[in-house]
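The values are calculated or read from the model by the stated rules, or taken from the named source; none is laboratory data. Given the structure is predicted, the values throughout are model-derived calculations rather than measurements. Cβ placement follows ideal geometry from the backbone for every residue including glycine, while neighbour counts extend to all protein chains displayed. Surface accessibility is based on the protein's heavy atoms, side chains included, excluding ligands, DNA and RNA. Shrake-Rupley method; radii C 1.70, N 1.55, O 1.52, S 1.80 Å.
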Amino acid sequence: MWDTLLIWEGARGFTCHNQAESRSSKHLSTENTRMQSQLLRLGYQIGLLGFTRFSNVLALAPRILTIEAQYLPRVLLVILLSLLSMPLRLLETLIWGRILSGTFINEKPIFILGHWRSGTTLLHNLLIQDTSFGFMSMYQGIAPECCLVGGSWLSEILSRMIPEKRPMDNVKWPLDSPQEEEIALSKMLPFAFYISTLFPKDSTRALVEAIDFEGTRQHRGSAFEIAYSKLLSIATLRAKGKPLVLKNPVNSGRIKILLKLFPKAQFIHIVRNPYAVYSSTMGLHKSLIDITRLQAPNESVARDATLENYKTLMLCYLRDRDLIPQGQLAEVRFEDLEREPLKQIEKIYQTLGLQGFKSAEPRFKQYIKQEQDYVKNQAQISAEEQRLVSEEWGLSFAAFGYEFMQ
């Protein structure tokens, strides 16, 4: 909230001084750049932190003492956005609740699995070029329990406020583009993983809590099933009943519960060279989490969390992938998908027995052509980081055939 006040106060001051011609053009340019940066940051915060259940906000109260003073205005922003959106959430429940409870979700959703920065977004964007599939949109991810009642008018407002590109790379994320469900889940459940973007010092524990539904944590599993089923019902309605293609890295550790919900579900797991994953994930920490965090962890905290969370997800996936029935799992390497995307997509269709590759092929080709000039962020990895990745993630090198750096 105070961020907003500062932005508009800065804008007012900029206008007055400009009219009085009391500042140099260089200073005005610097001031304008600063305000643009603040507006971008606010737009990201509205998208990532807004429309959260107030019960979710209250559930975070025990962590209040871990919030650093400099981020208290951000806490007020979260509370304000939650309260402002509460009437919309209640109205959606009133109008759409019964319809959602009777919505049939196709029994064969496709779940894209894989660690962050492994190419899950590229794979997701490619597959949804096949218009026989539906997906959860960015709009639904931002306003998961308001998007139906909000309709086009809320989407239009948000499209004017939220930047067109992701904060961690050059990938576009317009409101009608596909988005991962964990963003929405974190606005509905106090144990969903992206709560850790607020409390990054607890990231390792947060991942375990987000995927471990065994023993005394079974109540979390029940809450997850209810929230996730609601999300997919909304996505199904918005996709007019099409089978859904869903991308969520955290689901790499939820194979058991996903099979419980959808025994006929199909899975695609994508992997990437661990060194590239590490350097790119560290970049993610420096860009995205800086926008949402309520704590200021040092680089060693981000490094340790990255190393540990990767191991957690990979161990879960390697442990549980044999639970997936034959013919319901396809595995692909990012490097292969990047080098020959059309061939790899066709291979996925064949492995999973999917129909419609030929009819969708022109759209695949068109998307590949328009994205061929995309420039990836170039991340570096030091000799010490190479050593850590080689030691900590050795299992992935062996499991997926990557070579160690010398």
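Kindly evaluate Leu88 against the criterion of being modelled with pLDDT of 95 or more, buried (at least 16 other Cβ atoms within 10 Å of the Cβ) and in a helix (DSSP H, G or I). Taking the combined requirement at face value, the residue satisfies it. One residue stands out in segment 338-357 among those that are of a type in the set (S, T, N, Q) and more than 24 Å from the chain's Cα centre (by Cα): the one that is most open to solvent (accessible area, probe 1.4 Å), namely Gln355. In segment 158-177, the condition of being in a helix (DSSP H, G or I) and either open to solvent by less than 30 Å² (accessible area, probe 1.4 Å) or in contact with a Leu (Cβ under 6 Å, 6 or more places away or on another chain) (or both) is met by at least one residue. The listed residues are Ala399, Ala360, Ala330, and the only one of them that is of a type in the set (Gly, Ala, Ser), within 22 Å of Glu308 (Cβ to Cβ) and surrounded by 11 or more Cβ atoms within 10 Å (Cβ to Cβ) turns out to be Ala399. With respect to Leu307, is the statement that it is open to solvent by less than 20 Å² (accessible area, probe 1.4 Å), part of a helix (DSSP H, G or I), out of contact with any strand residue (DSSP E or B) (no Cβ under 6 Å at 6 or more places or on another chain) and not polar (S, T, N, Q) true? It is true that Leu307 is open to solvent by less than 20 Å² (accessible area, probe 1.4 Å), part of a helix (DSSP H, G or I), out of contact with any strand residue (DSSP E or B) (no Cβ under 6 Å at 6 or more places or on another chain) and not polar (S, T, N, Q). Scanning segment 206-226 for residues that are of a type outside the set (A, V, I, L, M) and surrounded by 13 or more Cβ atoms within 10 Å (Cβ to Cβ) yields Glu209, Asp212, Phe213, Arg217, Arg220, Gly221, Phe224, Glu225. The set of residues in segment 62-85 that are among the hydroxyl-bearing types (Ser, Thr, Tyr), open to solvent by less than 30 Å² (accessible area, probe 1.4 Å) and in contact with a Phe, Trp or Tyr (Cβ under 9 Å, 6 or more places away or on another chain) comprises Ser82, Ser85.
Residues in segment 100-113 that are in a helix (DSSP H, G or I) and either touching a Pro at 6+ places or on another chain (Cβ under 6 Å) or surrounded by fewer than 12 Cβ atoms within 10 Å (Cβ to Cβ) (or both): Ser101 alone.
This table checks each residue for (1) within 28 Å of Val57 (Cβ to Cβ); (2) of a type outside the set (Asp, Glu); (3) open to solvent by 10 Å² or more (accessible area, probe 1.4 Å); (4) in a loop (DSSP other than H, G, I, E, B).
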{"residue": "Glu92", "(1), (2), (3), (4)": "yes, no, no, no"}
{"residue": "Leu122", "(1), (2), (3), (4)": "no, yes, yes, no"}
{"residue": "Asp130", "(1), (2), (3), (4)": "no, no, no, yes"}
{"residue": "Tyr139", "(1), (2), (3), (4)": "yes, yes, no, no"}
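Under the condition of being more than 12 Å from the chain's Cα centre (by Cα) and part of a loop (DSSP other than H, G, I, E, B), the residues counted in segment 188-216 number 9.
Among the residues of segment 51-62, those identified as within 13 Å of Ile195 (Cα to Cα) and outside any helix (DSSP H, G or I) are Thr52, Arg53, Leu60. Assigned to a helix (DSSP H, G or I), of a type in the set (A, V, I, L, M, F, W, C) and within 30 Å of Leu40 (Cβ to Cβ), is that true of Ala360? No, not satisfied. For segment 231-261, a residue qualifies if it is in contact (Cβ under 8 Å) with a residue 60 or more places away in the chain and open to solvent by 20 Å² or more (accessible area, probe 1.4 Å), and the qualifying residues are Leu237, Arg238, Lys240, Gly241, Lys242, Pro243, Lys256, Leu259. The criterion of being part of a helix (DSSP H, G or I) and in contact with a strand residue (DSSP E or B) (Cβ under 7 Å, 6 or more places away or on another chain) holds for Leu258. Candidates in segment 162-187 are the residues that are of a type in the set (S, T, N, Q) and within 13 Å of the chain's Cα centre (by Cα); of these, the one that is farthest from Arg303 (Cα to Cα) is Ser177. In segment 43-61 there is no residue that is charged (D, E, K, R) and either open to solvent by 80 Å² or more (accessible area, probe 1.4 Å) or modelled with pLDDT under 95 (or both).
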